[in-house]
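First the structure, in the form of structure tokens, and then the observations on it.
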Amino acid sequence: MKINDKQNLENTSTLNSVPLYKKKRIFIPLLAFLLLGLIAVLYWYFNYFGFTYTDDAYIDADRFTISSKYFGRISELNVDEGDKVTKGEILVKLDVSDLLAQEKQAIADVEFAKQNCTLSAVNLEKAKDDYKRAQSQFKNNVIPKEQFDHAQKGLEAAQAQNAIALAKLDSQKAFLGVIQTQIQNTVVLSPIDGVVARRWAMIGDVVQMGQPILSVYNLNNIWVTANFEETKYSLLKLGEKVSINVDSYDGKEYSGKLIHLGANTAAQFSLIPPNNASGNFTKITQRIPVKISIENGNSADKPHNQQLLPGMSVIVKVKVR
């Protein structure tokens, strides 16, 4: 036992005399730890130092609500949710049977008014001839003053009747124009190239004027709406470069720029805006929406499963230093 103890003491003294950098069991883990720390510091410096970011952001786009300008029943609905539409394409048709009957009646009224104008014009010419004849006879003392006055009043009445007939004709033409305009309004066209995001009505439904039928997004004009904390608002500047990571595509990164800074907090346009004048006040950090452009966002050659769609969650990172 004494010999073994002596050998152990000699081995221990030998290990203690070896420099630290030659002790592999200690040096290698320590070096690995330092390298990991350096990598972490560099990653933080290049990705977080001088940047501000938020995950309260989503893809946004122009949305158009397709509605009718006429009260009626839907007879045709040519698109469904997810369908692509082009500008000028017929999306919805309303039942026009009642309007077509009104159009026929209006056309008949116009023709009647035209004939009435012709009759009133003939009566006016006759009244003019009678007046000229009566005027000449009155000057030659052939007829009394009373008969001349009757001829004059007859001319004035014929002129008034002719004016009424012409006005009636204009009114009937205007009414016919209204009916024809309503017939045109029963055909609803797409105002843009886009994608149908939501269908609010079905064939056979009766829709009111202005009632939403379809919601169409313009995917050619998309941007990011990001809600930054008000404490970071002073760091943001127009034109700053932005890194955009899309959650739907495994964090695929896009680039963009700040193009608009909000003029108010998002809470001001909420359903019930906060009333800070109440007695029980709790201070909450507000968020201000900003608008960020997306470079190389959507294009016609991209497949559907790679398109950026409104509502997709993203993470934005803005360089502020």
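Quick notes on this one:
- The number of residues in segment 68-92 that are over 22 Å from the mean Cα position of the chain (by Cα) and not acidic (D, E) comes to 5.
- Any hit, segment 56-67, residues being modelled with pLDDT of 90 or more, part of a helix (DSSP H, G or I), surrounded by 16 or more Cβ atoms within 10 Å (Cβ to Cβ) and under 32 Å from the mean Cα position of the chain (by Cα): no
- Subset of segment 222-247 (residues that are of a type outside the set (F, W, Y), closer than 16 Å to Q307 by Cα and surrounded by 15 or more Cβ atoms within 10 Å (Cβ to Cβ)): I222, V224, I244, N245, V246
- Meets criteria (part of a helix (DSSP H, G or I) and either touching a Pro at 6+ places or on another chain (Cβ under 8 Å) or β-branched (V, I, T) (or both)) for V178: yes
- Out of E81, E76, E89, E103, one residue alone is closer than 27 Å to T225 by Cβ and either surrounded by 13 or more Cβ atoms within 10 Å (Cβ to Cβ) or touching a residue at least 40 places away in the same chain (Cβ under 8 Å) (or both). It is E81.
- Residue in segment 95-103 that is of a type in the set (V, I, T), modelled with pLDDT of 85 or more, under 39 Å from the mean Cα position of the chain (by Cα) and part of a strand (DSSP E or B) present: no
The values are calculated or read from the model by the stated rules, or taken from the named source; none is laboratory data. Please read these numbers as outputs of a predicted model, since none were measured by experiment. Cβ coordinates were reconstructed from backbone atoms using ideal geometry, including for glycine residues, and neighbour counts include every protein chain displayed.
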